[in-house]
1. On full extension of the chain, what length is gained from Arg18 through Leu85, given 0.36 nm per residue of separation minus the C-alpha to C-alpha distance?
2. For Rg and Dmax of the Cα atoms in Å, which listed value, (i) 31.4, 102; (ii) 19.3, 54; (iii) 15.3, 50, comes from the coordinates shown?
3. Starting from the Cα of Val34, move 7 Å in the Cα-to-Cβ direction to define the label point; list residues of the range 55-91 whose amide nitrogen is under 19 Å from there.
4. Using a 7 Å offset from the Cα along the Cα-to-Cβ direction at both Ala72 and Leu27, what is the distance between the two label points in nm, to one decimal?
5. Helix 78-99: angle to the longest alpha-carbon principal axis of the chain, degrees 0 to 90, nearest 10?
6. Could you tell me what percent of the accessible area of the chain is made up of carbon and sulfur, with a 1.4 Å probe and every protein chain present?
Amino acid sequence: MSVSPSSTTTGLRGAVERASLPLLTRLSRLPRVVPFLSMLVLLLVGAFFGGPVGSVLVGLAVLFLAWLLYLAWPQLSASERLMRLAVIALVVAVAVVQLFPK
């Protein structure tokens, strides 16, 4: 897996890609299961605790997913973009339900 900002990227996207490069490099060196399990733990613990604590944990998962989606956006097809947006919308819905239960 190659982790490098594109050479033609300028402006905000270029700045975000350059700032993200050290963290993406470290993430790419981890076994693939580690980021997945980390996200799963955040979501499960967030769902278990509920309330503001659960919403913050689920919110952290949303921020991480949104950051990855922003970085990957130019390389994704329309259907891939839609699927990833649907996942983020679902996780946001979980966070809102955790924050405002019945």
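The values are calculated or read from the model by the stated rules, or taken from the named source; none is laboratory data. This structure is a prediction, so every number in the text was calculated from the model and none was measured. Glycine gets a Cβ as well: all are built from the backbone with ideal geometry, and neighbour counts include every protein chain shown. Quick note on the areas: whole protein, heavy atoms, side chains included, nothing else; ligands and nucleic acids left out. Shrake-Rupley method; radii C 1.70, N 1.55, O 1.52, S 1.80 Å.
1. Numbers: separation 67, 0.36 × 67 = 24.12 nm, distance 2.35 nm.
Gain on extension, Arg18 to Leu85, equals 21.8 nm.
2. Here Rg and Dmax of the Cα atoms in Å agrees with entry (iii).
3. Answer for the range 55-91: 61, 64-65, 68.
4. Inter-label distance under the simple model: 0.9 nm.
5. Rounded to the nearest ten degrees, it is 30.
6. Numbers: 5250 of 7080 Å².
Summing carbon and sulfur atoms, their accessible area is 74 percent of the total for the chain.
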